[in-house]
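Down below is the structure, laid out as structure tokens.
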Amino acid sequence: MQQRKLGRSDLSVPPLCFGCNVFGWTADEARSFELLDRLLEAGLTFLDTADVYSKWVEGHTGGESEAIIGRWMSSRGVRDRIVLATKVGMDMGDGKVGLKPDYIARAVEDSLRRLQTDRIDLYQSHKDDPDTPQEETLAAYDRLIKAGKVRVIGGSNFSAERFAEALTLGEMGGLPRYETMQPEYNLYERAGYESGLAAVCAEHDVGVISYFSLASGFLTGKYRSEADLGKSPRGARSIGKYLNPRGMRILAALDEVAAEASSTPAAVALAWLMAKPHVVPIASATGLDQLGSLVAAATLKLPDGAVSKLDAASAP
């Protein structure tokens, strides 16, 4: 399986990243272990989580996903085979939020403890913190890198302007720079990334790790009418907005390419992302059958003209 470099760093990763937000939420610990075992067998060893996963579930406090990953890595003895990414900055409650240096110093220790490891391969600012000077945040990360607790840093949910500012500070100010950006990006949601961040990432040779790569499941083809929204508890909330002429046009193009490639709409949608420069998509699964599409996508070669066809069908 072809590996990709994350920015200018020495981190090489598979072409697809597994999103671990489902662990402890829609996948219990036993199912999470099954999924992780299968991912490891398939060579998909890039895992993305965050300290806040899954605080939104009643009775959870955050850190549930990290804790499950930590117990799995410890029980299997596989830490050195995993590229481990987590994040800091979202509101964990009790004032634990943002990118101030003292908070980052505390939060990373909590993540390391839950993950049962001495290092995080990719530590990401989960969202911009306009109340903290970016120099201070980068200096805090610099201390973690020098201490061996973090290898590489990345950003998520930044505007193009703020991300460019952070990159300049890292490159010119003797501070570490963000080697990755994690934006929302998929066949339906293109404008937010392509209108500004894409140019910044290309100019600075930054790796891109796209989230919501399957548009909350819409790009699997499972949801094609209002009646289908009941198939998922988040259907009406997250997917209804895609049920419009443009969304149907995208699904039709996915169906056509999938038939030509003897594949699935989900695998094709992910392969379209992987065909874009520097992009490693994040995708999740809660069942082994869903995981099969992700594994297939990692090695899928799209037919000639498929990218152009999907570009045209999904044009904003």
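Since every read-out is calculated from the coordinates, none of them should be taken as a lab result. Because the structure is predicted, anything quoted here is derived from the model rather than measured. Note that each Cβ is placed from the backbone with ideal geometry, even for glycine, and that neighbours are counted across all protein chains shown.
Could you bin all the Cα-Cα distances of the range 133-174 into 10 Å bins starting at 0 and give me the percent of pairs in each, rounded to whole numbers?
Calculated over all Cα pairs of the range 133-174, the distribution is 27, 56, 17 percent.
For the pair residue 168 and residue 262, what calculated FRET efficiency results from E = 1/(1 + (r/R0)^6), where r is the Cβ-Cβ distance and R0 = 45 Å, to the nearest 0.05?
Working: r = 46 Å, r/R0 = 1.03.
Here the calculated transfer efficiency is 0.45.
Compute the orientation-averaged projected area for the range 6-56 from the convex hull of its Cα atoms and round it to one decimal in nm².
Details: hull surface 17.1 nm².
For the range 6-56, the mean projected area of the Cα convex hull comes to 4.3 nm².
Based on other C-beta atoms within 10 Å, arrange 82, 68 from fewest to most. Could you put the intermediate results ahead of the total?
Working: 82 20, 68 24.
The order, fewest Cβ neighbours first, is 82, 68.
Apply the Karplus parameterisation 6.51 cos²θ - 1.76 cosθ + 1.60, with θ equal to phi minus 60°, to every residue of the range 86-100 and state each ³J(HN,Hα) to the nearest whole Hz, in sequence, with x for glycine and proline.
Whole-Hz 3J(HN,Hα) from phi for the range 86-100: 9, 9, 9, x, 6, 6, 9, x, 6, x, 8, 6, x, 10, 5.
With only alpha-carbon atoms in the gyration tensor, what are the semi-axes of the equivalent ellipsoid for the range 140-236, in Å, largest first?
Numbers: eigenvalues 238, 51, 16 Å².
Whole-Å semi-axes of the equivalent ellipsoid: 35, 16, 9.
Put a dot 7 Å past each Cα toward the Cβ at residue 244 and residue 76; how far apart are the dots in nm?
4.0
Counting each pair of different Cα atoms once, what's the Kirkwood radius of the range 68-158 in Å, rounded to one decimal?
Working: mean 1/r = 0.0743 Å⁻¹.
Evaluated on the range 68-158, it is 13.5 Å.
Taking the Cα centre of the range 159-278 as origin and charging only Cβ (+1 Lys, Arg; -1 Asp, Glu), how large is the dipole, in debye to the nearest 20?
On the way: 12 positive and 14 negative charges, 120 e Å.
Charge dipole, the range 159-278, about its Cα centre: 580 debye, nearest 20.
Give the residues of the range 81-101 whose amide nitrogen is closer than 18 Å to a point set 7 Å from the Cα of residue 131 in the direction of its Cβ.
88-101
Can you compute the modelled spin-label distance between residue 290 and residue 8, with each label point 7 Å from Cα toward Cβ, in nm?
3.8
May I ask which residue of 267, 207, 243 lies farthest towards the positive end of the charge dipole of the range 170-316, with charges of +1 (Lys, Arg) and -1 (Asp, Glu) on Cβ and the Cα centre as origin?
About the Cα centre, the residue reaching furthest to the positive side is 243.
Alpha carbon centre of the range 210-284 versus the range 146-206: separation in Å?
For the range 210-284 versus the range 146-206, the Cα centre distance is 25 Å.
Ratio of the range 4-182's C-alpha Rg to 2.2 N^0.38 Å, to two decimals?
0.99
If you bin the C-alpha pair distances of the chain every 20 Å from 0, what whole percents do you get?
In order of increasing distance, the bins hold 33, 60, 7 percent.
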